[in-house]
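Right, one structure below, let's go through it.
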Amino acid sequence: MQLKAQTEAGEAAWARSRTELEKQWSGFEAQMKTYFESAGKQLERQQATFKDIAAAQAKAWREAADTFREAAGKVAATHTGDFDAALKQMKSDASEAEARLQQLKQAGSESWSMLSAALAESRNAFDRANQAAWNALKGSSSKS
């Protein structure tokens, strides 16, 4: 009798423990699902933000080249070679930067710090190319 009572008590304790474990496991699964859904949404937002910024940078490169071309056209035609070289370099730098950003955009799995660094690098290259082009324009116009 005592063995039977102990067995029944053990089975009851196991049933309670199993029920409690199932509740805890269900709660854990729900938390993990919420976490992964949230992380996925954050990654999607980061990728969308990166794509928007990369597109804006590419547009700025193109617009700067167009603006420079227009300004260069207004300066004496004798300096066209200087302007063409500066414009060619600006377009080349823009193509390189855009290709690098496209590679990162397609990869999509880079960390935000890597994406941010690539955008900063592209922005710095843009600033240098833009400054060099305008310096060429200023230098040529002061020679006229």
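A compact table of results
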read-out	value
Which numbered condition residue 72 misses (of (1) crowded, with 18+ Cβ neighbours inside 10 Å; (2) modelled with pLDDT of 80 or more)	(2)
Criterion: at pLDDT below 75, touching a helix residue (DSSP H, G or I) at 6+ places or on another chain (Cβ under 7 Å) and either surrounded by 14 or more Cβ atoms within 10 Å (Cβ to Cβ) or of a type outside the set (A, V, I, L, M) (or both) - qualifying residue of 110, 98	110
The stretch 113-131, residues that are more than 15 Å from residue 55 (Cα to Cα) and open to solvent by less than 60 Å² (accessible area, probe 1.4 Å)	117, 125, 129, 130
Which numbered condition residue 55 misses (of (1) over 18 Å from residue 128 (Cβ atoms); (2) modelled with pLDDT under 80; (3) open to solvent by less than 60 Å² (accessible area, probe 1.4 Å))	(2)
Verdict on residue 122 being modelled with pLDDT of 75 or more and under 29 Å from residue 41 (Cβ atoms)	yes
Cβ pairs under 9 Å, 6+ apart, first in the stretch 75-102 and over 30 Å from residue 49 (Cβ atoms), second among the polar types (S, T, N, Q) and at pLDDT 75 or above	86/135
Every residue from the stretch 59-69 that is at pLDDT 85 or above and open to solvent by less than 50 Å² (accessible area, probe 1.4 Å)	60
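The values are calculated or read from the model by the stated rules, or taken from the named source; none is laboratory data. Computed from a predicted structure; not experimentally measured. Every residue, glycine as well, gets a Cβ built from its backbone with ideal geometry; the counts of neighbours run over all protein chains shown. Protein only, heavy atoms only, side chains kept; ligands, DNA and RNA dropped before computing areas. Shrake-Rupley method; radii C 1.70, N 1.55, O 1.52, S 1.80 Å.
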